[in-house]
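Chemist: Have a look at this one before I ask anything.
The values are calculated or read from the model by the stated rules, or taken from the named source; none is laboratory data. All figures in this text were calculated on a predicted structure; none of them were measured in a lab. We place every Cβ from the backbone using ideal geometry, glycine too, and count neighbours over all the protein chains shown. Heads up: the accessible areas ignore ligands, DNA and RNA and are worked out on the full protein's heavy atoms, side chains in. Shrake-Rupley method; radii C 1.70, N 1.55, O 1.52, S 1.80 Å.
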Amino acid sequence: MTDQTLTRLEISKEYLNFSAGHFTIFSATERENLHGHNFQVRCEVMARVGADGLAFDYVELKRVLKSLCDDLDERVLLPQHSPHLRIAHRDGLVHAHFGNECIPFLERDVLLLPIRNITIEELAPLLLARLRDRPEIAAMQMCSVELGVSSGRGQWAIARWDTQHGESES
């Protein structure tokens, strides 16, 4: 084997998950009721295998993925950039204003995310970007990274980053 050999590593551990409440916004007048999911996260990496038979130490990758999941766990997730939702903070509460509705949440229970909607197709690129931003991950020699988020069995959104070209897609 040469150092040109690429290997695809898949990390899909049982502990890579988070439980969160949310509602999907469909339009200025239609949204889902508040509900929750047990989201799963997985990551696939293409990397060159070195002379020592290792691509990189993926124990660190698993640790960072777990940390990203833990950051979202047991929270109500709200989008900061939805054109149909206005967020206000008052008296220890977060008020989510949708149409004529005002939905109050305790501040400690809410996590505002810099996305347009709380969907797996928004969560996957967000988590991929957060993964890429971690210095310990940036130091790893990877050719591409795919990060998937599932809201239920058989339903995944996957975002991809090609490290050689700096391109992202989802």
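Chemist: Consider the stretch 133-161. How many of its residues are surrounded by 15 or more Cβ atoms within 10 Å (Cβ to Cβ) and outside any helix (DSSP H, G or I)?
Modeler: Selection size over the stretch 133-161: 18.
Chemist: Separate question: Out of the residues in the stretch 33-63 that are open to solvent by 70 Å² or more (accessible area, probe 1.4 Å) and touching a strand residue (DSSP E or B) at 6+ places or on another chain (Cβ under 7 Å), state the one that is nearest to Q155 (Cα to Cα).
Modeler: N38
Chemist: Going through the stretch 95-132 one residue at a time, which ones are within 20 Å of R160 (Cβ to Cβ), of a type in the set (D, E, K, R) and surrounded by fewer than 18 Cβ atoms within 10 Å (Cβ to Cβ)?
Modeler: Residues satisfying the conditions are R116, E121, R130, R132.
Chemist: Need at least 3 residues that are in contact (Cβ under 8 Å) with a residue 60 or more places away in the chain and under 18 Å from P114 (Cβ atoms) per element, so show me which strands (runs of 3 or more DSSP E) inside the stretch 1-88 make the cut, counting only ones lying wholly within it.
Modeler: none
Chemist: When both residues are 6+ apart or on different chains and their Cβ atoms are under 8 Å apart, which pairs have a first residue that lies in the stretch 109-126 and is free of Cβ contacts under 8 Å to residues at least 24 places away in the same chain, and a second that is open to solvent by 20 Å² or more (accessible area, probe 1.4 Å) and assigned to a loop (DSSP other than H, G, I, E, B)?
Modeler: L126/P114
Chemist: I'd like to check something: does the stretch 60-76 contain any residue that is more than 19 Å from the chain's Cα centre (by Cα) and farther than 19 Å from E10 by Cα?
Modeler: Checked against the condition, which is being more than 19 Å from the chain's Cα centre (by Cα) and farther than 19 Å from E10 by Cα, the stretch 60-76 yields no hits at all.
Chemist: Now, a different point. One residue is enough: does the stretch 84-91 have a residue meeting the conditions surrounded by 15 or more Cβ atoms within 10 Å (Cβ to Cβ), within 27 Å of A159 (Cα to Cα) and at pLDDT below 95?
Modeler: No, that holds for no residue.
Chemist: Yes or no: the stretch 64-83 includes at least one residue that is surrounded by 17 or more Cβ atoms within 10 Å (Cβ to Cβ) and either among the small types (G, A, S) or over 18 Å from F18 (Cβ atoms) (or both).
Modeler: yes
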